[in-house]
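Q: I am attaching a structure below and will ask some questions about it afterwards.
The numbers here are math on the coordinates, done by the rules we state, and not lab data. As the structure is a prediction and not an experimental result, all values here were calculated from the model. Cβ: placed from backbone, ideal geometry, glycine included. Neighbour counts: every protein chain shown.
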Amino acid sequence: MPTISPADCTYETFDHKAQIGLRLEAATGGDLFTCAGLALFELIQPAPADTAVSPPRSVGAAETADWRQVALSADDPESLLVAWLDALLNLHATTGLLFRRYNVVAWEPTFIEATVMGDTPERPSAPRIRAVTHHELEVVQTAGSWQARVFFDVFEA
């Protein structure tokens, strides 16, 4: 499955009480999950303007990078999206890395297998995102695209 760049997906953030929401759209389900990961780490720590965050075409392209395998299954696409974002948050919490490159190897509405690449941040990131929620969670396939809405609990400033 080809990888995508941030230009291949769209997302917007919106505030909702003690939460931040994302609306996502991409051409395929795998691209939607890549987009969700990119958006999550933009919320955690925006990428510098001069940093390319588009994923390389092959895993071997960045030999010094810290690659991690992620394989998850769930009962439905909504639960899979929560599991995916939870896994990325846990990887970030345990490694301190920012995961901005994704190679989705396989995706079905109830399964994802991907390789994710983490980079060491230039500055420590404050723990802004507390958890992924099921509040108004939605993943839908439309004619020609996949769309999602997901909320994150956030730490109060």
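Q: Out of the range 83-157, which chymotrypsin sites (Phe, Trp or Tyr not before Pro) are coil in DSSP terms and have no more than 10 other C-beta atoms within 10 Å? Walk me through the numbers on the way to the answer.
A: Working: sites: W84, F99, Y102, W107, F111, W146, F151, F152, F155; in loops: F155.
Listed in order of number, the matching sites are F155.
Q: Okay, which of the range 139-157 sit inside 19 Å, backbone N to the point 7 Å along the Cα-Cβ direction of S79?
A: Answer for the range 139-157: 139-141, 149-151.
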